Amino acid sequence: LMERFSGSSGHSTGLAGAPKTSWPELVGLTAGEAEKKVKEDFPKAEIQVVPPNHFVTMDYRTSRVRIHVDSSGKVERPPRTD
């Protein structure tokens with residue numbers, strides 16, 4: 001990790017522009033509200049809303065963001081890329 005920082009300037013060269021990959025602040029919002037916020041932060045996100053007790057595939061896609069919701073349609077855990 002230390003290699004990512006430039007010498008004396010103190011500015012990060014590898015972390016500053018990194019795209020957001022997790023949205024813990026969205027827990028408790030509706031799926032629609034969460035989807036809107038994720039798209040603001042990550043316009044190319046492929047959103048997948050996952051209802052309770054539904055199976056998901058195990059393939060890895062950096063552009064996919066799964067939004068797991070409870071029975072009332074509220075986000076139950078932080079959406080993240082996977």
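Going through region 31-75 one residue at a time, which ones are part of a strand (DSSP E or B) and either of a type in the set (Asp, Glu) or under 14 Å from Thr21 (Cα atoms) (or both)?
Hits for region 31-75 are Glu46, Ile47, Arg64, Val65, Arg66, Ile67.
Between a first residue in region 17-42 that is in contact (Cβ under 8 Å) with a residue 60 or more places away in the chain and a second residue that is open to solvent by 70 Å² or more (accessible area, probe 1.4 Å), which pairs have beta carbons less than 8 Å apart while being 6 or more apart in sequence or on different chains?
Thr21/Arg80
Based on this model, can you work out whether Thr21 counts as under 14 Å from the mean Cα position of the chain (by Cα), surrounded by 11 or more Cβ atoms within 10 Å (Cβ to Cβ) and at pLDDT below 95?
Details: under 14 Å from the mean Cα position of the chain (by Cα): yes; surrounded by 11 or more Cβ atoms within 10 Å (Cβ to Cβ): yes; at pLDDT below 95: yes.
Against the criterion (under 14 Å from the mean Cα position of the chain (by Cα), surrounded by 11 or more Cβ atoms within 10 Å (Cβ to Cβ) and at pLDDT below 95), Thr21 qualifies.
Of everything in region 24-38, what is surrounded by 12 or more Cβ atoms within 10 Å (Cβ to Cβ) and in contact with a strand residue (DSSP E or B) (Cβ under 7 Å, 6 or more places away or on another chain)? Give them in sequence order.
Listed by number, the residues that qualify are Leu26, Val27, Leu29, Thr30, Ala31, Ala34, Glu35, Val38.
Arg80: open to solvent by 70 Å² or more (accessible area, probe 1.4 Å) and closer than 18 Å to Ala18 by Cβ, yes or no?
Details: open to solvent by 70 Å² or more (accessible area, probe 1.4 Å): yes; closer than 18 Å to Ala18 by Cβ: yes.
Answer is yes for this residue.
The values are calculated or read from the model by the stated rules, or taken from the named source; none is laboratory data. Just so you know, these numbers come straight off a predicted model, no measurement behind them. Backbone-built Cβ (ideal geometry, glycine too); neighbour counts: all protein chains shown. What goes into the accessible areas is simple: the full protein's heavy atoms, side chains included, and nothing from ligands, DNA or RNA. Shrake-Rupley method; radii C 1.70, N 1.55, O 1.52, S 1.80 Å.
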